[in-house]
């Protein structure tokens with residue numbers, strides 16, 4: 001049977017030819033934040049190398065514990081979720097060279113924990129995020145969250161820990177425009193713009209570096 005060809009006039013709007021579309025799906029899970037959501041990242045890196053980044057801490061001695069640190073402010077946990085907000089943990093990862101224990105606290109009560117052998121890497125992506133919204137979906141009262149790592153090994157512990165979370169405003173005024181930062185050199189705290197990253201300490205004059213996550217909305 002002969003093949004017949006026709007010329008068809010394109011009408012309307014859209015993409016009649018999808019031949020250049022590689023994929024309409026994302027290859028890995030990303031983040032697409034709503035207007036009322038902000039990314040929060042908490043981390044700590046135990047190292048023998050000094051750094052102006054507050055979450056880089058000295059190697060942790062055997063038997064000692066350390067709180068994970070807010071990468072936007074340099075303040076160690078516990079982190080306070082104010083009235084009108086919820087905080088949800090999306091992913092956690094750790095890689096430490098000594099046996100260690102992780103404890104996560106909500107409002108001072110232990111809610112989750114784990115023990116890992118030294119040299120084992122861990123990555124967790126939550127299907128149902130660990131969230132204050134599970135107990136207070138409208139953010140009626142303030143809450144605290146804390147993550148503590150303890151060195152259970154016999155030597156100084158090196159390695160890093162990261163927790164990616166989402167802070168969400170639920171029926172509350174816009175996000176604050178300032179943040180309280182902490183100098184890793186002298187411990188002095190001072191108020192800066194939420195966009196501040198390279199900060200000169202008003203007490204010891206040392207410069208330290210924190211993150212600005214206010215404009216983060218999406219990764220592919």
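Do we have any residue at all in the range 125-134 that's farther than 23 Å from residue 33 by Cβ and crowded, with 18+ Cβ neighbours inside 10 Å? Checked the range 125-134: no residue is farther than 23 Å from residue 33 by Cβ and crowded, with 18+ Cβ neighbours inside 10 Å. Looking across the range 46-73, the residues that are surrounded by 19 or more Cβ atoms within 10 Å (Cβ to Cβ) and over 13 Å from the mean Cα position of the chain (by Cα) come down to 46, 54, 60, 66. For residue 94, the test of being over 27 Å from residue 206 (Cβ atoms), touching a helix residue (DSSP H, G or I) at 6+ places or on another chain (Cβ under 8 Å) and either modelled with pLDDT of 90 or more or not in a loop (DSSP other than H, G, I, E, B) (or both) is failed.
Looking only at residues in the range 198-212 that are assigned to a strand (DSSP E or B) and free of Cβ contacts under 8 Å to residues at least 12 places away in the same chain, which one is farthest from the chain's Cα centre (by Cα)?
We begin by selecting, within the range 198-212, every residue assigned to a strand (DSSP E or B); these are 198-200, 207-209.
Those left that are additionally free of Cβ contacts under 8 Å to residues at least 12 places away in the same chain: 198, 200.
Details: 198: 19, 200: 24 Å.
So the residue we want is 200.
Evaluated against (1) within 16 Å of the chain's Cα centre (by Cα); (2) without any contact (Cβ under 8 Å) to a residue 60 or more places away in the chain, residue 139 falls short on exactly one condition, (1). Here the condition is being within 24 Å of residue 104 (Cβ to Cβ) and surrounded by fewer than 19 Cβ atoms within 10 Å (Cβ to Cβ); of 170, 191, 210, it holds for 170 alone.
Evaluated against (1) surrounded by 14 or more Cβ atoms within 10 Å (Cβ to Cβ); (2) at pLDDT 95 or above, residue 85 falls short on exactly one condition, (2).
The values are calculated or read from the model by the stated rules, or taken from the named source; none is laboratory data. Computed from a predicted model, the values in this text were never measured in an experiment. Backbone-built Cβ (ideal geometry, glycine too); neighbour counts: all protein chains shown.
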